[in-house]
Structure formats: C-alpha cells, structure tokens
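Taking it in order: structure first as structure tokens, then the write-up.
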Amino acid sequence: MGLRRNRLTMTRDRARKMATRAAANGSYARAARIAKDTPNILTEDAHRRMLGAFGAAGWPTASDGFPEGGQWDGYPGPLWSILTRPDQEIWDADPDDGDQVDLTIVPEFTFIAPRISLNSGEAMVHRVPATTSPTDLVTEVSAALAQAREREIAKLTDHAACTICGDHYPARHLLAPTAKDELTVCPACVFDGDLLARAHPTRLAFEIDRLIDEDLAIPAGWSAVAALLASAGGEAFAAHLNEAGAMYVPAEHWSDPSLLWIWLPPNSRPAALASLGPGASLKAVVEAVERAHPDLRERFRATLAEDLEEDPDADHEDYLVETLWPAVIAYVVTLGTQSQERPGHRPPWHVLSDSFEPGTLADHFAELGSGLDGRSLHVTFTLEVGVRTVAEALGWTTGF
Ligand SMILES: [Zn+2]
C-alpha cells in the first residue's frame with residue numbers, strides 16, 4: 001500500500017486537523033467516559049479487527065500495515081479510515097506507546113468518503129469509538145455510506161449527454177475511451193463500434209480511478225468497464241499502467257479485478273445479493289451469485305455452445321467463460337444498480353444492443369497488451385450471452 005499512500009498524503013494534514021477538531025468538540029469527553037469501564041485498547045488491535053470485519057462482510061480492504069504520524073490509515077471499500085487517540089498530540093509517536101500516550105483514552109475511527117476529497121469536499125465523515133463491536137461497526141458505517149451515496153446522487157444534475165447513446169449524465173461522469181477528448185461516453189458505450197478513434201484504455205483507467213477516489217456518486221457501471229479491461233489485460237496492462245506516468249499510481253484492482261468495489265442495488269435486491277452491504281468486492285459478488293445459482297456458469301457455457309452452433313458436448317471448449325465471467329457479473333450487477341439509482345433515465349441495458357463491438361474490443365485489447373483476440377466472436381458472444389443469462393437469473397428484464 002506504499003504507493004497508494006502517496007496519493008493520499010496531501011489530505012493527511014487536513015485529516016489530522018479534523019481529528020483534533022473532533023476532540024475539541026467532545027469526543028474526548030465521550031472517550032474518557034467509555035474508558036472508565038474498559039481496559040486499555042491498542043490501536044493496532046482495533047485497526048486489524050476493523051479491517052477483518054469489513055473483509056468478512058465482503059469488502060476489499062487495504063492498509064499501510066503500520067501507524068504513521070500517530071494514526072492508522074486503512075482503505076475499506078471506497079472509504080478512508082483513520083484511527084487515532086483523540087486529544088493526543090502524538091504525530092511522531094506510536095499511538096500504542098504507553099510512555100508517550102495515555103492508553104486509557106479510547107481510540108476513535110473516522111471514516112471518510114470519498115477517499116480523496118480535496119476537489120469535491122467530504123461527502124461523509126463518520127466517527128465511531130474503537131470500543132464498538134466489529135459487527136456493529138460494519139453495520140453502522142455501511143448505513144452511513146449508503147446514505148451518503150444516496151445524498152450525493154440526489155444532488156446530481158445531468159447536463160451532458162453520452163456521445164453514442166445520448167443518455168444524460170453529469171459531464172464529469174462521462175469519460176473518453178479513445179484518443180479523442182471530446183468523445184465522452186457512458187459506461188455502457190465504451191466498446192461501441194461507432195467510436196472510430198484509437199482506443200486509449202490507459203487514460204480511461206486513470207479517469208476511472210480518479211472517479212472512484214474522488215466521487216462518491218460515480219455511476220456504478222464504471223466498475224464493470226474496469227473489470228473487463230483488467231480481466232482482458234491481466235498483468236501486462238497493470239505493468240503498462242505502472243509505467244504510464246509519474247503522477248499516476250494505478251490502483252491494485254488493475255492487477256487483481258476481484259478487488260474492484262461493486263456498488264450494489266440500493267432497494268429491491270435479487271436474493272443472491274441480499275446479504276451484502278451497500279457494495280462489495282467483485283470477488284464477494286461473484287461468490288454470492290454462484291452460491292445462489294450454482295448451475296449458472298454451466299448453463300451460460302451451454303447456451304454459448306448452442307448459440308455458436310458448436311458441439312455442446314465438447315466440454316473442453318470454454319468460450320472464455322472463465323476469463324470473462326467476473327466481468328459479466330460486474331456488468332449485470334452494476335447496470336442493475338444504475339437502473340435503480342437513476343430512476344428518471346432509461347435503464348442501461350442497451351449495452352446489449354451491439355455495444356460490445358468486436359473491432360472496438362480488439363483495439364482496446366491490443367492497447368492493453370491482452371492475449372485475448374477481441375475480433376474473435378467468442379468475446380462479444382460471451383459478454384452478450386453472459387449478461388443476458390445472468391440478468392435473467394437475477395430476475396431483471398433487459399428488453400434485449
Ligand atoms: Zn452511452
């Protein structure tokens with residue numbers, strides 16, 4: 001996590017000031033009250049328990065693994081967590097060093113979203129004493145995060161239109177997938193055949209990371225685009241991104257798409273996703289779908305064999321199902337989320353109306369250094385049949 005730390009360093013001083021402010025506003029008194037009846041709490045234990053609890057709830061988590069400037073930083077899902085001892089000026093000390101710190105003061109978590117708020121301001125700042133049980137902490141912070149996202153989405157004004165499909169979005173939520181800056185599109189249209197300029201997945205990856213880090217109202221579908229690019233590109237794309245520019249440090253989900261954060265439908269949910277919070281890692285989402293529909297992947301493969309008019313008994317043929325399955329699930333779940341979160345708009349299932357164009361996919365894959373042949377019908381068919389099959393299993397009607 002050393003690399004990501006650099007991206008966040010600029011916001012550190014601000015967070016420290018915030019923690020000090022919190023202490024001045026009465027957190028200390030609350031912490032002191034709690035401390036009377038509780039044994040000393042080590043910040044290292046509390047930090048580890050917090051990350052473990054979010055991990056158990058299906059969130060991707062990351063951490064520096066050591067305290068810096070008197071605080072522990074963590075990254076559960078789209079949040080930045082800071083653990084400090086309120087009212088303790090220990091910027092250079094270990095927050096668990098009893099010689100320099102009053103260990104009877106109960107440490108306090110501050111959860112902040114978006115993770116980088118310099119440009120956008122904080123959409124959520126939520127404080128929880130470290131004495132809170134890990135289960136309660138996840139429940140409480142999940143609810144705060146869901147409410148913060150709902151508030152941010154309610155504030156959006158959709159003044160811009162996708163170059164390809166014409167659907168309206170805020171201008172900052174439309175990104176340019178090619179070398180032409182002015183051709184900005186919605187998540188459903190990234191691989192459309194009408195985008196004739198040279199594919200530019202490196203820039204697109206950077207823009208997606210920027211939205212993930214800075215914008216709590218990001219359209220859910222950008223995680224699906226990231227899942228497809230990362231699944232197709234593999235280590236070659238991750239290495240390419242690492243060399244892309246001195247100022248840009250790519251997120252870990254480019255080398256491991258299972259770590260991608262997936263925003264889940266806020267309201268009526270398919271049973272398969274009912275046990276998860278406001279979002280989860282792509283890994284947890286895939287596992288949840290497979291648990292609820294154990295035969296789905298095999299049905300998907302059989303449907304593909306039938307559509308491609310090949311021998312359905314030739315079970316050695318995979319049709320890229322293994323490679324693209326997580327991306328397929330990411331598309332279905334996030335477009336289902338977008339359908340709910342943008343009720344005044346048409347649902348984005350028009351991704352199934354020729355938006356996975358073999359030539360455009362091939363251009364992106366070539367730029368990614370992918371071993372996949374985008375021109376092979378398998379890629380397009382696997383994505384389209386996959387999205388239809390999984391959407392149907394989750395009870396959603398795509399209309400395509
Ligand atoms: Zn579009």
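Summary table below
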| read-out | value |
| --- | --- |
| With Cα atoms, 0 to 90° folded angle of helix 321-341 axis to the chain main axis | 70 degrees |
| Neighbourhood net charge (12 Å Cβ-Cβ; Lys/Arg +1, Asp/Glu -1) for ASP354 | -4 |
| Dipole of the range 248-296 [Lys/Arg +1, Asp/Glu -1 at C-beta], most positive-end residue of PRO294, SER255, LEU276 | LEU276 |
| Those residues of the range 51-65 whose amide nitrogen sits under 15 Å from the label point placed on ASP94, 7 Å along Cα→Cβ | 65 |
| Residue-count net charge about HIS364 - beta-carbon cut-off 11 Å; Lys, Arg +1, Asp, Glu -1 | -2 |
| Förster radius 25 Å - calculated FRET efficiency between SER120 and ARG49 (Cβ-Cβ, nearest 0.05) | 0.25 |
| Order of MET247, MET50 - criterion: other Cβ atoms within 10 Å of each residue's Cβ, fewest first | MET247, MET50 |
| Cα gyration tensor shape of the chain, rounded if a/c is under 1.5, else prolate or oblate by comparing a/b with b/c | prolate |
| Extension gain, TYR248 back to SER353 (0.36 nm per residue minus Cα-Cα distance, nm) | 34.4 nm |
| 5 angstrom amide H check on GLY279, placed H, neighbours 5+ away | LEU264 |
| Computed over the chain: relative contact order in percent, which uses C-alpha pairs under 8 Å that are six or more apart | 14 percent |
| Positive-end residue, the chain charge dipole about Cα centroid, Cβ charges, pick of TYR331, LEU137, ILE218 | LEU137 |
| Value at 222 nm in deg cm²/dmol, rounded to 500, when DSSP H runs of n ≥ 4 in the chain each add -39,500 (n - 2.57) | -14000 deg cm²/dmol |
| Highest-first arrangement of 322-330, 259-267, where packing means the average Cβ count within 10 Å | 322-330, 259-267 |
| Pairwise FRET efficiency - GLU150 versus PHE66, Cβ, R0 = 30 Å, nearest 0.05 | 0.30 |
| Listed peptides 140-149, 331-340, 295-304 by packing density, highest first (mean Cβ within 10 Å) | 331-340, 140-149, 295-304 |
| Electrostatic dipole magnitude of the chain [Cβ: Lys, Arg +1; Asp, Glu -1; Cα centre; debye, to 20] | 1720 debye |
| Spin-label pair THR104/HIS168, simplified geometry with 7 Å Cα→Cβ offset, distance in nm | 6.1 nm |
| Degrees, to the nearest 10: 282-292 long Cα axis against longest axis of the chain | 70 degrees |
| Cα gyration tensor shape for the range 160-393, rounded if a/c is under 1.5, else prolate or oblate | rounded |
| Dipole magnitude of the range 81-219 about its Cα centre (Cβ charges: Lys, Arg +1; Asp, Glu -1), debye to nearest 20 | 780 debye |
| Mean Cβ neighbour count within 10 Å, used as a protection proxy, ranking 342-349, 249-256 highest first | 249-256, 342-349 |
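Rule-based calculations on the coordinates, nothing more; no lab input. Computed from a prediction, not measured in an experiment: that's the story for all the values here. Here Cβ is always computed from backbone atoms with ideal geometry, including for glycine, and neighbour counts include all displayed protein chains.
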